[in-house]
Every structure is written in structure tokens, then in C-alpha cells.
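Please read the structure below before turning to the comments.
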Amino acid sequence: MSTPTPPTPLPDVEVSAGSAAGVPVAVLTRTAGDGPAQIGPGGDELSPAWAEAVGLAGKSGEVHRGPVDAAVRWAVGVGPGEPKHWRGAGAALARAVNALLETRPDAGDAVQVELPDDVDAEQAAWFATGLRLGGYRFRVTGDDPAPRLRSVRFVVSERDRRDRIAAAVKRAGVLAAATALTRDLANAPSNVKDPAWLAKTAVKALGKPKGLTARVHDEKWLAEHGFGGVLAVGAGSSRPPRLVHLTWSPPNAVGPHIGLVGKGITFDTGGISIKPNEGMHLMRTDMAGGAAVLAAVGAIARLGLPVRVTALVPCAENHVSGSSYRPGDIVRHYGGKTTEITNTDAEGRVVLADALTYAHQDLGVDLLVDVATLTGAMKVSLGTRIGGLFTDDDALADRIAAASTTAGEALWRMPLLDHLAAEVHSDVADVRQCPPGPGAITAALFLREFTGGLPWAHLDIAGPARADRGYADVVPGATGFAARTLVEFVSSYAS
């Protein structure tokens with residue numbers, strides 16, 4: 001089986017006491033009310049006449065080439081300096097450098113920036129995140145790749161501040177790598193990415209940090225143990241399903257044992273309830289929730305967070321054939337509960353039901369969070385930049401919302417409407433797959449039936465998991481959404 005061309009490595013970001021000779025300089029600029037943009041250290045060569053000529057305003061994401069023959073190669077706007085502005089500034093600079101290298105490969109693939117004295121560790125970390133992710137690119141090609149931004153140096157003179165910034169930038173690098181891995185897995189084409197490839201590749205990418213164990217269960221194991229939902233969804237494909245099981249067991253763990261579950265549908269035709277052709281090609285990213293879970297656990301292990309985590313990603317390809325599951329079928333899930341199938345294109349909840357039950361019934365988790373590109377209805381409700389958060393537990397909702405804010409990934413809490421709960425039950429099975437009513441809410445109510453009464457949250461990321469245009473540190477294609485949120489959520493229990 002062929003393998004796609006690896007994405008370009010993320011730029012390295014280092015923090016240093018001094019500048020490096022011959023490395024292009026980027027100067028930070030900021031908005032300043034109604035006055036001219038404020039120009040940061042190193043910008044002495046940026047004269048008022050030049051600033052007026054290029055329309056320098058200091059807005060976030062504004063990038064200008066420096067004056068001809070000046071040491072300053074770039075002027076980069078950070079706007080008012082909120083986290084999203086720093087992230088956007090870093091991303092814009094990375095894209096500008098990469099665009100220049102497309103036409104001038106000798107222009108230099110390194111940049112250095114002297115950080116103003118009032119830039120704190122959090123702002124520097126967000127700037128580094130934008131630099132690392134803004135120039136991300138996944139492209140399968142026979143051409144030799146053009147050079148890309150390779151390294152960035154943050155110059156910070158004062159030692160204590162430099163140490164704080166270096167630590168924050170290093171941690172941000174682990175989270176950016178998790179986002180990038182999520183993108184890599186989700187962007188991989190589905191002629192390569194079957195369930196076995198996804199499981200094997202993800203486990204290999206995570207490496208072997210001490211305390212992290214990984215197991216991949218094949219279709220025979222799934223059949224022996226009664227994972228009827230995963231087997232039903234995968235039955236129509238010649239490429240059988242898998243279940244990825246990760247366990248992070250640090251010494252002296254604190255807090256609850258957290259169960260993370262991610263949807264791993266490697267391609268979704270809709271099955272017999274087949275999708276229209278338009279947009280079907282995007283279904284290679286229908287395992288973005290599973291990818292986020294896998295990448296997040298790898299980051300949690302690399303950071304050494306003292307919280308026990310179990311992660312499950314059921315992987316299947318929802319295809320059309322004589323062996324596909326059908327509307328009207330009754331599927332028996334792991335644990336024995338049965339589901340009346342009404343729409344084979346609502347397959348994500350069918351595989352998640354098995355994994356959620358296994359997590360609480362056999363693996364001893366204390367709370368559950370599932371992540372999935374689950375419903376088109378979620379995109380209708382919140383658009384393509386905000387994920388939906390469903391939970392009955394206010395404290396859990398607050399914790400996840402805080403984590404998403406820290407991660408720079410927007411979530412909006414959605415209601416679990418009690419008057420719709422009765423609609424989940426079926427006359428011919430225990431539950432029905434697609435109850436009537438608002439689709440994202442009823443899908444969440446269906447999943448709740450498989451959580452064993454544990455504290456549970458469901459993240460429907462159908463909108464923000466993919467992007468058709470860039471914004472901030474997001475690029476077109478898979479976005480890597482939710483990986484950082486999951487890491488920050490687990491991290492919130494570490495202290």
C-alpha cells in the first residue's frame with residue numbers, strides 16, 4: 001500500500017539571549033488607538049515615511065516586507081495583543097515567509113524576533129503556536145517541495161523572563177504537534193487510510209513514552225467480544241474495522257480516571273443511505289475526532305500529566321456492498337443493548353456506543369468525553385468554527401469550556417432537552433438510532449444511553465474539524481480541532 005508524502009515538519013521555535021548574525025529579522029507592530037502603529041524593538045529602520053507608504057497599522061495578521069536593503073525583513077502586526085491576535089500574527093508571518101520562499105528559495109528559511117519587554121510567556125506561546133501551525137501544508141505530490149520556514153528565534157535578554165517564555169514555548173510546541181498530527185491523520189487520503197492503516201500509523205506516531213501503552217484489536221477480537229456496532233458499520237467494506245485502545249498510567253496519578261472516546265470513520269459513503277456526491281470527498285476527515293483523541297493522549301504522555309487516561313477509537317469504513325448493514329436492522333452493541341437502525345449514514349453514534357459502553361463497563365473510567373464529527377445539524381447550528389458541547393454536568397461543562405478557551409478552540413454549550421429523551425427509545429429494540437427532532441441534540445441523547453450514568457460530555461466537532469479557507473492558525477483541510485482542548489482538559493486535573 002502506498003503512503004502519502006509526509007507533511008513538512010513544523011518550524012522549530014527557540015528562545016535565546018541574543019540575536020544571530022545574518023538571520024532575517026521580523027519586528028512586531030501593534031495598533032495604538034487612532035495614532036500610528038507602535039513599532040517594537042529592532043524597528044529603528046522602519047521610518048515614518050515607510051510606515052505611511054505601506055499603510056502600517058499594526059493589525060493582527062498584517063505583514064509587510066521591510067524596506068529594501070534593511071536588516072528588518074518583516075513587520076508583523078499583533079493588534080491589541082489578545083491570544084487569538086498573537087496566534088494570527090505568528091500564522092501570518094509563517095505564511096508570508098513560505099510565500100517568499102516559493103519564488104525566492106534563497107531568501108532564508110529562518111527568522112528572528114526580539115520580543116518587547118511586556119510580552120509575557122502566554123503571549124509568546126500563542127505567537128509560537130501560530131508560527132508552527134500557520135504554514136502547515138499537506139500535499140501528495142511528485143514535485144520536490146519548496147523550502148519552508150524552518151526555524152524561529154525569540155530574542156529575550158532578561159534571564160528569568162527568558163526561562164518562563166522558553167518553558168511556555170516548549171509546552172506550546174507539544175500541543176502544536178498534537179494539532180498537526182490530528183491534521184496529518186485526517187488529511188491522509190482514504191485510499192491509503194483504512195482502519196488498519198489509521199490504527200498502525202497513529203500508534204507508531206505516538207512513540208513509546210514511558211507509561212503509555214497501546215493495543216489494536218482486529219475484527220476477530222471485536223467479533224469475539226461482541227462489538228456489534230463497530231462490526232455492523234464496517235461490514236460493507238473489504239477493509240475490516242479496528243479498535244485502538246490507549247492507556248496512560250502515570251505514577252502517583254491524581255484526579256479522576258478519564259475516558260476519551262473518538263469517532264474513527266476512515267471514510268463515510270453513508271452506506272446504503274448513501275450521501276450525495278457533492279462533498280463526499282471530504283469524508284476522509286470523518287475520523288477527525290478519533291485523530292484528536294489519539295494525538296491528545298500522545299501529548300498528555302509527553303507532558304507527563306499525572307492523570308490516568310484511557311482512550312478508545314473505534315475505526316471503520318462505512319461503505320456500500322452486499323454485506324452493508326441496512327435501515328431496519330437491529331444491532332446488538334457491546335454490553336447487550338440493541339439499536340434499531342434507521343439511517344446507515346448516522347454511523348458515528350453506532351461505533352461510539354460500543355466504545356462508550358466498554359470504557360465504563362470494563363475499563364473503570366470515572367468520567368467520559370467523546371469527540372466526533374457527528375452531525376451536519378451541528379454545522380447548521382453553530383457554523384464551521386465552533387464545536388458543540390453537550391453534557392448534563394455543569395461542573396464538567398465549565399471545566400471543558402475553560403479548557404477550550406485556554407486552547408483557543410471555541411465550544412458552545414448545547415441543551416440536552418428532556419422532552420426529547422423519550423424519543424430515543426424504540427418499539428422493536430432498546431433504542432433507535434435517529435430519534436426525531438433537532439439532529440445534533442437527539443444524537444447526543446442517543447449517546448447518553450451508553451454512558452452508564454457516569455459524568456459525560458459529548459463534543460460534536462462536525463463544523464470546526466474541517467476548513468475551506470484559512471483563518472488564524474487554521475489552514476484549509478483538516479484543522480486539528482479539539483486535540484489541544486483535550487490536553488488542557490486533562491491538564492486541569494493535574495494541579
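No lab work stands behind these numbers, since they all come straight from the coordinates. Please read all numbers here as calculations on a predicted model, not as lab measurements. Here Cβ is always computed from backbone atoms with ideal geometry, including for glycine, and neighbour counts include all displayed protein chains.
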Applying the Karplus parametrisation 6.51 cos²θ - 1.76 cosθ + 1.60 with θ = phi - 60° to the phi angles of the stretch 389-403, what ³J(HN,Hα) value in whole Hz is obtained for each residue in order, glycine and proline being reported as x? 10, 10, 6, 8, 9, 4, 5, 5, 4, 5, 5, 5, 4, 5, 4
On a C-alpha basis, how far is the centre of the stretch 431-495 from the centre of the stretch 101-126 in Å? Whole number, if you could? 33 Å
What does the charge count near Ala407 come to, summing +1 for each Lys or Arg and -1 for each Asp or Glu among other residues with Cβ under 9 Å from its Cβ? -1
Taking Cα centroids, how far is the stretch 304-373 from the stretch 169-247 in Å? 14 Å
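Work through the residues other than Ser151 whose Cβ is under 9 Å from its Cβ and net out their charges, Lys, Arg +1 and Asp, Glu -1.
-1
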Within the stretch 168-197, which trypsin sites (Lys or Arg not before Pro) sit in a loop by DSSP and count at most 14 neighbouring Cβ atoms inside 10 Å? none
Listing Cys315, Cys434 by rising number of other beta-carbon atoms within 10 angstrom, fewest first, gives Cys434, Cys315
Under 5 Å, built H, 5+ apart or other chain: amide partners of Asp393: Trp456
Between Val140 and Glu158, what length in nm is gained on full extension when 0.36 nm per residue of separation is reduced by their alpha carbon distance? 2.1 nm
What trypsin sites (Lys or Arg not before Pro) in the stretch 329-437 are in a loop by DSSP, with at most 15 other Cβ atoms within 10 Å of the Cβ? Arg385
If the stretch 12-171 were replaced by its equivalent ellipsoid, with semi-axes equal to the square roots of 5 times the Cα gyration tensor eigenvalues, what would those be, largest first, whole Å? 23, 20, 15
Return the lysines within reach of Lys379: Cα separation strictly under 23 angstrom, same-chain partners fewer than 8 residues apart disregarded; answer none if there are no such residues. Lys84, Lys263, Lys275
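Tally Lys and Arg at +1 and Asp and Glu at -1 over the other residues with C-beta under 13 Å from the C-beta of Leu420: what net charge comes out?
Local net charge: -1.
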Rounded to the nearest 500 deg cm²/dmol, what is the calculated helix-only ellipticity per residue at 222 nm for the chain, with -39500 (n - 2.57) per DSSP H run of length n ≥ 4? -10500 deg cm²/dmol
Taking R0 as 35 Å, what's the FRET efficiency between Asp362 and Asp468 from their Cβ-Cβ distance, rounded to 0.05? 0.30
Amide H of Val307: which non-local residues (sequence gap of 5 or more, or other chain) have their own amide H closer than 5 Å, using H built in the peptide plane? Val254
